[in-house]
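Please read the structure below before turning to the comments.
The values are calculated or read from the model by the stated rules, or taken from the named source; none is laboratory data. Remember, it's a predicted structure, so these values are computed and weren't measured experimentally. Methodologically, a virtual Cβ is constructed for each residue, glycine included, from the backbone with ideal geometry; neighbour enumeration extends over all protein chains shown. Calculation scope for accessible area: heavy atoms of the full protein, side chains included, ligands and nucleic acids excluded. Shrake-Rupley method; radii C 1.70, N 1.55, O 1.52, S 1.80 Å.
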Amino acid sequence: MSAADAVTDSLQNLRAQFAGVREGRPADYIPQLALADPDAFGLALVSMDGHRYSAGEAEVPFTLQSVSKPFIYALALSLLGLDEVSRWVGAEPSGEAFNAISLEPGTGRPANAMVNAGAIVTTALIPDAPGDDAFRRILHCLGRFAGRELDVDEEVFRSESVTGDRNRALAYLIRSTGTMPVDPVLAVDRYFRQCAIRVTALDLATMAATLAYGGVNPVTGEQVVSAEVAARVLAVMATCGMYDGSGDWLLRVGLPAKSGVSGGLIAVGPARFGVATYSPPLDSTGGSVRGHAALETMSRRYGLHLMLNPALPGSTVTLVTTADDLPSAPSAGHERVLHEQVGVVVAQGSIDFTAAERVLYALDESGPDGGPVVLDLHDVTSVDSVALAMLLTGLARLVNDGRRAAVVDPNGLLGAMELVRERTGQDLPRHATRVEAVEGSARALAGEG
Ligand code: GLN
């Protein structure tokens, strides 16, 4: 038993809670899917550190079906860019079933890449490459998301091929509106193959975690798509991933998600985790009944709803004070009076846009008006590019207002600070320790610095 087994326990509890649900039936419009074991129920979760947790039938193979769609959309966005992809397929929730004739009046574009019409077009957009045909690229890309080589379930592929008249009809209809980039028969064949790629719930959780982790597979460390592409795919999953149930899903579960008719379901906690379930019986929208129930409960139980941010992540500013309050301050005399004039702001953690705003506000609040200020970044772990520009701009403004600003930056997080020099005509004093920085400011006040 290890401590992290507590995470496995929570998946097992969800499994136990919903394993007995008897509603729904496995899809049978693709005859091979009707053979699935209705009792199979697997859950898996992958963290941003690549830790993998699972319960139940998490290593039972099944076909991706529509869960392939967001990943192929990611591939298309990576290869062609958002503008080109958007010429062919939209990003509006259709509010309709997955197999609806969803074509925008006027342009004929399918509403989005999560419904079949849009997914068939998206698949058709993937170009052949020298020595690598489009399908091999698709298979390879999905494998990088999963962190292992995947293969096709030929029986499921054949089963959908011989019965897939509706998708074929959709493809012809799309061609008639002028928004089908390749031959419709070829497009549908490739799409059926993509739907028949075999995965497990653990694979799906890894794929979902890759989208959560800015396009980097947290298990293999490979950058599969850019962070920008991953964010866009999540946006479309959030609004369209659950078809005509997307609004209700976002309302209740609050996570970008994608369902498939073989019983797979993924959900993504951006920058937090990827989760997946497998259970073949489906509800009326073509989503897994048990998967839906388990993820809805999981979201509520663990407070995972995206729009729910009850607490700000850690506090950025740990101390706003004047130097006389520090343990290193002289106990009396002129020296102490000088220390009373020096404002001190201590920050910690990683600094992004929101955290930088807090630091800048604290700098304004610190110490007596116009007095020198020390910004201590000793416990700051990172400063992103947006926050860096904000901090430097803010520090330059202080200096231009006549305040003396010094930084404690032993790790050189503020870089060369050219921006400050450019805007103020001077360099900020930079120190290795807070005591040194305070002493420097006090000496400057005394006219010695
Ligand atoms: N291959 C299936 C189809 O096109 C995928 C549908 C789904 O999973 N929602 O009908």
For region 70-122, the Rg and Dmax computed from alpha carbons only, in angstrom: 10.2, 28
Surface/4 of the Cα convex hull for region 180-269, nm²: 6.9 nm²
Equivalent-ellipsoid semi-axes of region 249-395, from the Cα gyration tensor, Å, largest first: 51, 14, 11
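Divide, for the chain, the radius of gyration over alpha carbons by 2.2 N^0.38 Å, where N is the residue count.
In units of the 2.2 N^0.38 Å rule of thumb, it is 1.24.
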Stretch gain in nm, segment residue 198-residue 353, where the contour uses 0.36 nm per residue and the Cα spacing is subtracted: 51.7 nm
Measure of compaction for region 55-171 (Cα Rg per 2.2 N^0.38 Å): 1.12
Pairwise label distance in nanometres, residue 177 with residue 39, each label 7 Å out on the Cα-Cβ vector: 4.5 nm
Share of Cα-Cα pairs in region 365-449 lying beyond 16 Å, as whole percent: 51 percent
Net length gained if the chain between residue 128 and residue 444 were fully extended (0.36 nm per residue, minus Cα distance): 107.0 nm
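If R0 is 41 Å, what FRET efficiency do you get for residue 231 and residue 162 from their C-beta distance, rounded to 0.05?
0.60
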The chain: most fluctuating residue of 368, 281, 70 per GNM, C-alpha cutoff 10 Å: 368
Solvent accessible area, Å² - residue 404, 1.4 Å probe, full protein context: 70 Å²
Net charge contributed by nearby residues that have their C-beta within less than 11 Å of residue 53 (K/R +1, D/E -1): -1
With every protein chain in place, region 1-144: carbon and sulfur % of accessible area (1.4 Å): 51 percent
Volume of the Cα convex hull of region 313-373, divided per residue and given in Å³: 73 Å³
Average Cα contact separation per residue, the chain, under 8 Å, 6 or more apart, as relative contact order %: 15 percent
Virtual paramagnetic centre 7 Å along Cα→Cβ of residue 369, amide N under 19 Å, in region 378-415: 397-405
Estimated inter-spin distance, residue 305 and residue 3, nm [label 7 Å along Cα→Cβ]: 3.0 nm
Full-stretch length increase - residue 411, residue 48 - with 0.36 nm per residue and alpha-carbon distance subtracted: 128.2 nm
Amide proton proximity set for residue 322, modelled H, under 5 Å, gap of 5+: 344
